[in-house]
1. Are any of the residues in segment B:273-284 in the same structural domain as residue B:202 (by TED's automatic domain parsing), within 16 Å of the chain's Cα centre (by Cα) and under 28 Å from residue A:157 (Cβ atoms)?
2. Sort out for me the strands (runs of 3 or more DSSP E) sitting completely within segment B:59-134 that have 1 or more residues that are at the interface with chain A (Cβ under 10 Å from one of its Cβ atoms) and in contact with a strand residue (DSSP E or B) (Cβ under 9 Å, 6 or more places away or on another chain).
3. Against the definition (facing another protein chain (nearest Cβ under 10 Å), touching a residue at least 60 places away in the same chain (Cβ under 8 Å), within 14 Å of residue A:312 (Cα to Cα) and crowded, with 24+ Cβ neighbours inside 10 Å), how does residue A:169 come out, yes or no?
4. Does segment B:189-199 include one or more residues that are free of Cβ contacts under 8 Å to residues at least 40 places away in the same chain and either surrounded by fewer than 24 Cβ atoms within 10 Å (Cβ to Cβ) or among the basic types (Lys, Arg) (or both)?
5. Please verify whether segment A:50-60 includes one or more residues that are at the interface with chain B (Cβ under 10 Å from one of its Cβ atoms) and not hydrophobic (A, V, I, L, M, F, W, C).
6. Please specify each residue of segment A:195-219 satisfying the condition of being of a type in the set (A, V, I, L, M, F, W, C), part of a helix (DSSP H, G or I) and closer than 13 Å to residue A:291 by Cβ.
7. Looking at segment B:131-173 only, could you name the residues that are of a type in the set (Lys, Arg) and within 21 Å of residue A:139 (Cα to Cα)?
8. Within segment A:18-28, does at least one residue satisfy the condition of being surrounded by fewer than 20 Cβ atoms within 10 Å (Cβ to Cβ), farther than 18 Å from residue A:101 by Cα and hydrophobic (A, V, I, L, M, F, W, C)?
Amino acid sequence: MMDMISSLERLSNAVGVGGLTQAADEAQSMLGEFCDEIERDALGNVIGYRRCGGENARLLLLEAHIDEVGLIVTDIDDMGFIHAAPCGGVDVRALPAAEVMIFGDKPYPGVICSIPPHLKKKDDKDILPDIVDMGIDVGMNAEEAKSHIRQGSRISFKPNFTALDDYHVSGKAMDDRAGVAAILYCLDILKEQQTETDYDIAVIFAVQEELGCRGAAVSAYRVSPDYAIAVDVSFALTPDADSAKCGRLGEGAMIGRSPTLDNCMANQLVKLAEENDIPYQNEVMGGATGTDAESISDAHAGIPTALLSVPLRYMHTPSELIDIRDVQNVGRLMALFAEKGGSGL
Amino acid sequence: MTRLKKLCSLEGVSGREDAVREYILQALEASPAEIQASTDALGNVIAQVRGKKRAVNKLAFVAHMDEVGFIITGATDDGYLRFATVGGIESSVIFGRRVRINGKYGVVGGKAVHQIKGDDKKKEVPFDKLLIDVAAENKQEALNIAKPGDVAVFDSDYAELYGDRLKARAIDDRAGCALLLEMAAQTPEYDITLAFTVQEEVELRGAKTAAFQINPDIAVIVDSTTAADTAGVESDKQVCRVGGGPVISFMDKRTLYDIKLYDTIFETAKKIGIKAQTKSMVAGGNDAGAIQLSRKGVRVAAVSLPCRYLHSPSCVILQADFDAALKLLNALTCEFAVMDELA
């Protein structure tokens, strides 16, 4: 079976800030062994197909996004500091003194400037500057910086995958490489068990989710599935958070319930989880989920879509923390759905 | 720079300098110079290095072994470790960082930014809201990983940035330790005493007992100091610049430095053809504060490396500043060892 920790290390250390293809390349090469066909569309979405051999088989889409939050260079100042805008919703509180990689003519390590204590004014003591004013130190003067880095160069957190113990891993871009890994794990189960499925399976690793769920919209249109499961990460409880708005780390796949999600599919996923002793937790949202599920479900004339999430702490920081058992449980649940899901719908 | 790299990889939060001390004792042992090294009750390493010639003035060079970090104060019922900072760490550089603790890892964070409204998204998270997440299920599991009194450091490795810049966690003051070890790697021109002190980050405590024992005529403190030549900081607030050479202090929050030594250092820098700079603000403080007031008083000078993002996981210095500081310190040995008019 797929080794989850090393797979997550490989996936999350690759860089997928909007427009960079390293993570998509890595994920595509890992997807290769499970798919009959793989293609890359105009926006860079990775699309693979696993055919079941049945005639007129219905098509089930498994989707996770491949991009990650990062920054994009807007300016280089006279001292050579790089100024950048967010490319996705990075957590500004985690930026001072953070280590980054700037993808100029090659990758350059850098440090986001932090304000020394002697320059802090009483009145602004706890408000951080705007991201674009923070500046990033790559050790270059203005002339050097301008010759190696340009406006539009992408910036990621420094790849920093680490296992805390046998089950917990931390690093950048677990959002949503955890989802990518869950889909690969599902495909691995189907392959190992030589499971016959009712469905043809399409896999999409979508770009630009962090910029407004854009990649999923065009790739779902292209694939035009009969059913879809989007896999993303969601909030896991921390002591300062509202427990009603969070899942729990290590307590299983989060099954989404929302007006925008297909309720029959959610019911079916719950049933499969209960019948097969797969830990799960309900994630109920009052409206849009803010994930690719919405842009898949309103493609064409509409696609019934479910959302499975991996609980994650410290979202959009360099130290996102997940429990690999949750990733595996999401993968297991999808494999069961692919195998038996059709009957319940 | 393998020596600095090694020193920065060691963990040595104030009061727990053991690994650093062990490395320094080994390095001194390996030197061909004639060195007598000892460790005092607080853990300071004091090394008498015999030079080619006898010094008229008893001359000490001082760098501190300890670094800022975190000390565990307990655990919450849901399995998070509580901590206090050791030394001055800004809360703004802690959020979202990973820490190393007893060979394991933890994460300091809070609820997702998505769950925060309006301007609070940009608000620094205060210390009393910060906890270390070691992925423990409950209090006992957390305490199995770290007990009250155990210490943690930022998880940040040594790396080389563009243009011979060095980035690491504990540059303050392993860079000073590395400079002192370089000085002792060959027989110096005159007898010198090296002091590798403990507990600088908590009120300069090691330096106090070290100075008492050494009883020097002149002490040169070799430390790392805040360079604020960073994005958006006006030149009058930059204090000093990376690339401007070693930083010679006239005054900081703890010490008014000996003016004759101060002038001599700049003259020496000029003579040997290296850049040197001073601090353009009265800020910070170092072991000089304790040493100057030892016994009946000691003449003190500070030669520091300009360091950006001091006390953060990502301290940055420039190789050229390090090299210039080493040249300067060796030249100062010759100047200060025989300097007269020390009434």
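1. no
2. B:80-86, B:98-101, B:104-109, B:131-133
3. It is true that residue A:169 is facing another protein chain (nearest Cβ under 10 Å), touching a residue at least 60 places away in the same chain (Cβ under 8 Å), within 14 Å of residue A:312 (Cα to Cα) and crowded, with 24+ Cβ neighbours inside 10 Å.
4. no
5. no
6. Once the filter is applied, which keeps residues that are of a type in the set (A, V, I, L, M, F, W, C), part of a helix (DSSP H, G or I) and closer than 13 Å to residue A:291 by Cβ, segment A:195-219 yields A:216, A:217.
7. Step one: of segment B:131-173, the residues of a type in the set (Lys, Arg) are B:139, B:147, B:165, B:167, B:169.
Listed by number, the residues that qualify are B:165, B:167, B:169.
8. The answer is no, given that none of the residues of segment A:18-28 is surrounded by fewer than 20 Cβ atoms within 10 Å (Cβ to Cβ), farther than 18 Å from residue A:101 by Cα and hydrophobic (A, V, I, L, M, F, W, C).
The values are calculated or read from the model by the stated rules, or taken from the named source; none is laboratory data. The structure displayed is predicted, hence computed values, not measured ones. Using ideal geometry, Cβ is built from the backbone for each residue, glycine included, and neighbour counts are taken over all protein chains shown.
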